[in-house]
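The values are calculated or read from the model by the stated rules, or taken from the named source; none is laboratory data. Everything numeric in this text was worked out from a predicted model, so none of it was measured. Here the Cβ is made from the backbone with ideal geometry for all residues, glycine too, and neighbour counts use every protein chain on show. Heavy atoms of the whole protein, side chains included, go into the accessibility calculation; ligands, DNA and RNA do not. Shrake-Rupley method; radii C 1.70, N 1.55, O 1.52, S 1.80 Å.
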Amino acid sequence: MTVSAPASVAELQALVRDSERIHAIGNGSKTALHSGLNGATHADLTKLSGIIEYQPAEYTVTVRAGTPVRELSAALREQGQYLPCDPLLPESATIGGTVAGNLSGSRRYRYGGVRDFILGAAVVDGLGRAFRVGGKVVKNSAGFDLSKFLVGSLGAYAIMTELTFKVFPDVPRFRSLAFDYERLEDALAAIYFINQNIFELDALDLKPLENSWQLLTRLAGFDETLPQRLERFSAAVMSHTSLLKIAELDDSVTLWDPLADLRGAHLVKVALSPKQVPDFDRRITAAQRRYGVGGNVAWVATENLSQVDDALQACSLTGLCLRGAVESAVIGAPVENVLASRVKQVLDPHGKLV
Amino acid sequence: MNRAFIAALESIYPADRLLTREVELLPYESDALTAFSAVPGAVVLPVNEAEIIDTVRLCHEQAVPFVARGSGTSLSGGSLPIPDGLTIGLNRLNRIKKLDPEQRIAVVEPGVINLAITEAAQPYGLYYAPDPSSQSICTIGGNIAFNSGGAHCLKYGMTSNHVLGMKVVLADGALTQFGGESIEGVGIGPDLIGLFVGSEGLFGIALEITVRLMPQPELYRTVLAAYDDLGRAGDAVSMVVASGLLPGAMEIMDRLAIKAAEASVQAGYPDAEALLIVELEGEAPQVEAEFDQLRGIIDESGAFEVRVANDEEERTRIWKGRKGAFSAVGRLSPDYIVQDGVVPRSRLGEALVEISALKEKYQLEVANVFHAGDGNLHPLILYDGREDGALEKAEALAGEILALCIRLGGSITGEHGIGMEKRDYLPAMFSEEEIDIMQALRLAIDPKEIANRGKMFPGGEAPALAQHGMHPLERAGVISRE
Amino acid sequence: MATAIEKCVHCGFCLAACPTYSLLGEEMDSPRGRIYLMKNVLEERLEAQDAQPYIDRCLGCMACVPACPSGVEYGDLLVSYRGAQEESRRRPPLDALARKLVIEALPYPKRFRLAAQTGAIGRVISDALPAAFASMLNLLPEKLPPRLPLPPVLPAQGERRGVVALLPGCVQQVLAPAINYAAAQVLAANGIEVHSPPDAGCCGSILLHIGAEREAQKIARRNFTVFPRDIDAIITTAAGCGSGINDYELLFKGEPDAESATAFADRVMDFGAYLAELGLLAPAGFKSERRVAYQDACHLLHAQGIQSQPRTLLRQIPNLRLLSIADAGMCCGSAGTYNIDQPDIAAALGRRKVESILAAEPDLVASGNIGCITQLRQQLALLGNPLPVMHIAELLWRAYQGDR
């Protein structure tokens, strides 16, 4: 396997032109995405790093794709802002990998995911052409929005070199509550109750405990309003759902890292809807798991990937394997799509990008 | 339109849903951008998915260009017919197929009116967030084609950010589906929703759309601040942004726009050079605390009058004036162009000064309405189409404003799209190679270029500019204008 | 006319408010489309007769007027256009006959009474008649109610708070004399002296509505001189009369008596609006709770902007619970003679309206217009639903009588 680390867009273009098959990689934090590539040249993007333009007053930031998420977050934090799509691996991922994998953490619940905060990008496609897609301002509807298309594209259509995001002011005051339920159905009913209510949560995750299900909730806001909001919220949930117990937890980064407790050779992300959770969950009870974003994402850690694959197939769901060596990172129901293949035909007709 | 094609349409549609007589076609010749008009060869009014699919496949087979149309409210000429092409009116596909308040989603047909979703969701304490000014009539299908925005986009985004799943028929008749009921949308694999939304009808027709609903905020706090200087209103926006507040909406109107809105809905706006509307929304305790902070900022910003909506009725009145402002300008001028450009928010003041200079240069009135929170300008250029060369002059001014937006690092359209109106400006924003790639993409999906032919890309067939100047009856002395 | 057409910026905001567009979903059957058609006819790009069916389908409900941000005076446009086209228009013989019946009979209570009685006999053979006639006959009750004559002057009860005269109207006096009777009693109970001049009659609105301008002028003139000078207002209980009289300025433009026409028009006021402005003296009310749906007549709501006044009155009735109904601003399909001209659309709109009323589960329905009342009753009868529908004046009168 050849690894090459271009230091400029021009070098990346040349690399693409000169390679037969090429695979983009950042810090390599999601090992499964970089396995099973049968000797494709690795384009290491970590040299294409750094913030290009950050204008807090515009709520926009433009960074090179190989920039570590950690570096970007620190710069935003200095200005009291954050990336609300909450990149999943804040300590190890690059921002390009976060977009390519469409990987958000729990705080994505409040304002939206990667697709909701990406504004534009610069890319090099499979023909080695370098061009821009989208825009650099918070609102833009000129041309086809290929920047959103890049979200989740796994580098298979074009390699990102630069990304522009919308960012928001952050209110870094949090309180977290845990509600325990006997059955999954009860916990989901609580999610449905919250969904139809006025409470604006910062995050809402669900995880199985030994004999019960725990709903993790987090409120963000001003110090002076949090006690009252917490009070109202917990009272409403207590009176409308059949819970076992309620507890305030120490709010911490670990508490809200959906992967913190998940151990297993493989880690799989699944996008699903809350009503698909019960059927899926009963098929993977052997695996460690946590449901994020109000039951819209499943994180599954397992030693037995084929069991998860079977469960996904049975539920017509697709998963993305992030950890461990696999033949194909995409498992479960196939995602082939006629529209996507037309784009591939234009951006990478020779199938170089893998 | 050739006879064989009409005959084929007759096998899909009963006579009352296949319009071919002149009297039936003329009312479809323009959308809300009346500067352009083109008579379609026929209009069909499908009532189900199968009819749409059959129609698109037929168009592809016979290489007949088509445009899908909802309520015809596009301000960029997006639903302008293709001369002698087919117009597919989707407004009868207006069923909300599913509303699941527990998961906060709705599944709708493309002809469903934007506001109808909110009305259906309201009993469950939910609403559909994107709120273009025409929300009472514009359809979701059109919102998808043009990635419509509205006043409340800053916080929760535009149409694209609220679509979770779609079923579409591509221009060559291929059927496909992506996304679903998860808030993640497509989730695994490239975000096809993001690509399709905003493609201006060039890729195909959305047949079924899953949208996400949001919980209605517990409390709105809407503040109306009056300034004797437009720049000061702009500065106030910067101050709000710098404070770390994230309002749901920030809107500015200038004197002329205020005058028009006032004439239209008697919103009770103060007499001012500029009005700023700032709206906070969310949980009551948090909003009240934010409101205290906002009051302080507004008081410091030099507003000479500040009003706060005390109830829903007052809030509605403030917004009604703003939302009707475009059309209300029809009261002040026989003709006008609605422009839609974006500048970085911090350069709003600069943009306004330049627009003001352009006004002088062209000796035309310009009313300004804009989504200040996201730097989205809507200058309304007033002209009188009866004067020779007035339209051309107004268009030249509009062109300069767009050039200005690009120069300041913005965009030529924030939410109305390129459509017919701005297709010649696309090269100002994208390089030749970028446009070639977009064109190649279009050809890969629509090899015969039948879907909304003539829109978005520069050149193509020249559209008919609407008739201006003396009315024939005026010339004959039959009528006069007071 | 040209000004009104010019003002339209084609934004489409009117489409949401238009009953025919909501039903038919075609641009030609929307206000924007109709304006466009009228424009093309005036510019000689279209033949008037081609555009006519779509113009005819307009209910004239005026819901598009308040919905229009540009301020297009659609009502004026429609009236002028219809008037201008009527002169050159050729109608199929049966339509022409029906129309002639409308012009010759409806405005004249005596003739109408006679026709109505004949109609009741005709019902037996209505199935054999063309649709236009059949629908006309369907509107008529089995048996006409007895006349309820009012004295020339009905004295105020208690302290006198005002003096008014009643505009008797045309069709309404024959089909529902109880409305004016109840209105007079309610007014009197509120300390208002009520005059009923014997020679007063039809205001001509119904003729203006169908483009019969000259006939409308002729009949309207008769009212200019018959009302006493020293009264506070001329009260109408029919929404169509009130809004039609607002158009007198247009109808009499250039006529020698234009001034008398506008002077007359300025004195006319809707029953509910007058009473709400003066302030209602609280009635006894109902013994048990009554759930009441109020149906907005287009010619009150859209043409005259009367929305809160009748509701204010109803809310003051003890034990009355005012319900809100979905799409309250959408026409019920009655719209003057629309029932007769466009029976299918009228029926579809009527059905829709009744469905949204029934969804609110009322005990009774009140409206400010005989046309709406007739339409709702007819649609309810088709569903076999006995829900009572009455004029707001009749409801108030019941409340004053202590709900006997």
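Axis of helix A:69-78 versus longest Cα principal axis of chain A: the two differ by about 60°, to the nearest ten degrees. The 1.4 Å probe gives accessible areas that order C:Val163, C:Val153, A:Val338, largest first, as C:Val153, A:Val338, C:Val163.
I need to check one value: relative contact order of region C:2-88, counting alpha carbon pairs closer than 8 Å and at least 6 residues apart, in percent. Don't skip to the end; give the middle numbers.
Values: 84 pairs, mean separation 30.7, N = 87.
Relative CO of region C:2-88 lands at 35 percent.
Can you pull the percent of Cα pairs in region A:157-286 with separation above 24 Å? Tail fraction, whole percent: 38.
Interface B/A, total buried accessible area with a 1.4 Å probe, nearest 100 Å²? Could the numbers behind the result be given before it?
Numbers: alone 19960 and 16060 Å², together 29160 Å².
Protein heavy atoms only, the B-A interface buries about 6900 Å².
Just so you know, the Rg over Rh for region C:281-400 is 0.96, from Cα atoms, with Rh as the Kirkwood radius. Would you give the gap between the C-alpha center of region A:140-169 and the C-alpha center of region C:63-90, rounded to a whole Å? Here the answer is 51 Å between Cα centres. The stretch between C:Ser324 and C:Gln157 holds 56.8 nm of extra length on full extension. This uses 0.36 nm per residue minus the Cα-Cα distance. On the beta carbon distance between C:Gln307 and A:Leu209, with R0 = 51 Å, the FRET formula returns roughly 0.35.
Pairs from the table (B:Lys97/B:Lys422; A:Lys166/A:Lys245; A:Lys166/B:Lys323) lying more than 31 angstrom apart at Cα are B:Lys97/B:Lys422; A:Lys166/A:Lys245.
Expressed as a whole percent, the accessible surface of the protein assembly as shown that belongs to carbon and sulfur atoms is 49, based on a 1.4 Å probe. Axis of helix C:177-189 versus longest Cα principal axis of chain C: the two differ by about 50°, to the nearest ten degrees.
The modelled label-to-label distance between C:Arg113 and A:Lys275, using points 7 Å beyond Cα along the C-beta direction, is 6.3 nm.
Take A:His350: with every protein chain present and a 1.4 Å probe, its accessible area is about 130 Å².
Suppose we keep just the DSSP beta bridges with both residues in chain B; what percent of those would be antiparallel, to 5?
Taking every DSSP beta bridge with both residues in chain B, the antiparallel ones total about 90 percent.
Heavy-atom accessible area of C:Asp341 with all protein chains present, probe 1.4 Å, nearest 10 Å²? Accessible area of C:Asp341: about 90 Å².
Each Lys or Arg adds one and each Asp or Glu subtracts one; over the other residues with Cβ under 15 Å from the Cβ of C:Ala220, this totals -3. Compute the helix-to-body angle for A:338-347: its Cα long axis versus the longest principal axis of chain A, expressed 0 to 90° and rounded to tens. Result, in degrees: 40. For B:Val39 and B:Asp228, the difference between the fully extended length at 0.36 nm per residue and the C-alpha to C-alpha distance is 63.4 nm. In terms of overall dimensions, the C-alpha atoms belonging to the protein assembly as shown reach 105, 70, 64 Å along their principal axes, ordered largest to smallest. Summarising the amide proton neighbourhood of A:Tyr82: residues at separation of 5 or more, or on other chains, whose placed amide H is nearer than 5 Å comprise A:Phe168, A:Asp170. Annotation: extensible slack from B:Gln266 through B:Ala242 equals 5.3 nm (criterion: 0.36 nm per residue apart, minus Cα-Cα distance).
Return one whole number: the accessible area per residue of chain A in Å², for a 1.4 Å probe. List each step's numbers first, then the result.
Numbers: 12570 Å² over 354 residues.
Normalised by residue count, the accessible surface of chain A is 36 Å².
Could you pull out the pairs from B:Lys393/C:Lys7; B:Lys167/B:Lys320; A:Lys136/B:Lys393; A:Lys139/A:Lys352 whose alpha carbons sit more than 28 Å apart here? Cα-Cα > 28 Å for B:Lys167/B:Lys320; A:Lys136/B:Lys393; A:Lys139/A:Lys352; rest within.
Given an 8 Å cut-off on Cα distances and at least 6 residues of separation, report the relative contact order of chain A as a percent.
Once normalised by length, the contact order is 18 percent.
Sum up the charges of everything whose Cβ sits under 12 Å from the Cβ of B:Ser148, counting Lys and Arg as +1 and Asp and Glu as -1, but leave B:Ser148 out. Surrounding charge for B:Ser148 is -3.
Accessible area per residue was computed with a 1.4 Å probe on protein heavy atoms; B:Leu230 scores about 40 Å². A straight line joining the Cα centroids of region B:59-80 and region C:1-51 runs 20 Å.
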